[in-house]
Amino acid sequence: MSAVRDLTGGLRWHLRALLLRRRWRQTITHIAEWLATTRPASQTLLLIGGSAGWMMSDVWLQRFKQIHLIDIDPLAPHLFRLNHGRALRASGTQLNFIHMDGLAGLDALLAAHPEATIFFDNVLGQHVYRVHDFDQAEADLKRVVGSLQGRDWGSVHDVFSGPSDPMKVPPQPQQVFEVTRTAEGLSVEGLRDTALHLRLLAQVGGKDEWMDHVTSGVFPVGTTGRLIAWPFRPEYAHWLYAGWHGSLD
């Protein structure tokens with residue numbers, strides 16, 4: 001397991017996202033296709049860690065009558081409106097910005113919005129960068145999931161990431177895998193643990209040591225979802241986990 005680096009958030013992230021968004025186009029499309037399959041129980045959304053919504057779907061956001069964007073980044077509301085404001089105005093969706101740490105203040109948010117659907121936008125997998133400790137990150141995420149019992153929620157987050165060699169990417173790489181959370185971990189086509197990791201790395205030209213974002217156990221056993229490849233940069237790739245745990249699941 002590699003060392004934790006501080007690579008999340010801020011102006012650097014926004015500039016990188018702006019420059020690389022075209023490269024991420026296929027990943028954004030896969031996320032939008034997955035979001036289209038979800039059935040949020042509420043027309044109010046708590047969007048935690050939404051940032052500027054660089055990889056969010058206009059069509060999915062338009063399902064809601066009200067969105068509370070929760071982020072510590074003061075640039076988030078301005079850039080989010082730049083990316084999604086026109087679509088939200090067209091659907092009459094009200095956007096409200098709450099400047100706070102959505103994970104630290106999760107219990108208060110849930111109490112204030114008891115009927116809302118919750119969505120974590122690429123924030124759970126970044127928590128290990130914030131605390132710089134794998135064990136603490138895993139324990140914190142376990143507490144987050146405990147707070148969500150009985151709630152309608154979903155997440156897209158990093159599961160694994162690491163260096164890649166563009167020359168080793170298959171001509172037609174598989175970029176999406178259906179995944180199930182089992183008692184033993186994540187399972188794809190019956191593959192788990194080392195066999196699964198090797199399969200995923202082969203699809204994106206992964207090499208050397210990859211980082212585990214300690215998010216494999218976030219969703220309850222039995223939850224199905226998708227693993228989506230994210231070719232972050234030519235020399236670095238991620239696998240994202242997209243999952244939904246409805247209030248009636």
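How long is the chain along each principal axis, judged by its Cα atoms, biggest number first, in Å?
Projected onto its principal axes, the Cα set of the chain covers 46, 39, 33 Å.
Quick check: the angle from helix 134-147's long axis to the longest principal axis of the chain, C-alpha only, nearest 10 degrees?
Result, in degrees: 40.
Take the alpha-carbon centre of the range 155-219, take the same for the range 64-86, and report the distance between them in whole Å.
Using only Cα atoms, the two centres lie 30 Å from each other.
Run through the DSSP bridge list for the chain and note the antiparallel percent, rounded to the nearest 5.
Counting DSSP beta bridges with both partners in the chain, the antiparallel share is about 60 percent.
To the nearest 0.05, what FRET efficiency results for Ala90 and Glu235 with a Förster distance of 41 Å applied to their C-beta separation?
So the FRET efficiency works out to roughly 0.60.
Show that you can apply the helix-only estimate: for the chain, add -39,500 (n - 2.57) for every DSSP H stretch of four or more residues, divide by all residues, and state [θ] at 222 nm to the nearest 500.
Helix-only estimate at 222 nm: -9500 deg cm²/dmol.
Summing Lys, Arg as +1 and Asp, Glu as -1, what charge do residues with Cβ under 14 Å from the Cβ of Thr182 carry, Thr182 excluded?
-2
What number comes out for the charge environment of Thr93, summing +1 per Lys or Arg and -1 per Asp or Glu over other residues with Cβ under 12 Å away?
Taking every Cβ under 12 Å from that of Thr93, the sum is +4.
Can you give me the three principal axis dimensions of the range 109-246 from its C-alpha atoms, in Å, biggest first?
The Cα atoms of the range 109-246 stretch 50, 31, 24 Å along their principal axes.
Ranked highest first by the average count of other Cβ atoms within 10 Å around their residues, in what order do 105-117, 56-68, 23-35 fall?
Ranking, from highest mean packing down: 56-68, 23-35, 105-117.
For Lys207, go through the lysines and keep the ones whose alpha-carbon is under 16 Å away, minus same-chain ones fewer than eight residues off.
Cross-link targets: Lys168.
For the chain, find the longest principal axis of its Cα atoms and tell me its angle to the long axis of helix 10-20, 0 to 90°, nearest 10.
60 degrees
At 0.36 nm per residue, minus the direct Cα-Cα distance, what do Glu115 and Gln136 gain on full extension? Give it in nm, one decimal, please.
Full-extension gain reported as 4.6 nm.
Along the Cα→Cβ direction, 7 angstrom out, place labels at Leu198 and Arg25. What is the inter-label distance in nm?
3.5 nm
For the range 19-136, take every pair of Cα atoms, bin their distances at 10 Å starting from 0, and report each bin as a whole percent.
Answer for the range 19-136: a P(r) of 13, 44, 35, 8, 0 percent.
What net charge is computed for the residues neighbouring Gln203, neighbours being all others with C-beta under 15 Å from the C-beta of Gln203, Lys and Arg scored +1, Asp and Glu -1?
+1
Please give the contour-minus-distance gain from Asp208 to Leu75: 0.36 nm per residue of separation, less the Cα-Cα distance, rounded to one decimal in nm.
44.4 nm
Treat each spin label as a single point 7 Å out from the Cα along the C-beta direction, and report the Glu189 to Arg39 distance in nm.
The modelled label-to-label distance comes out at 2.9 nm.
A short reminder: the numbers here are calculations on the coordinates, not readings from a lab. Keep in mind the model is a prediction, meaning the values are calculated, not measured. So basically every Cβ, Gly included, is an ideal-geometry build from the backbone, and we count neighbours across all protein chains shown.
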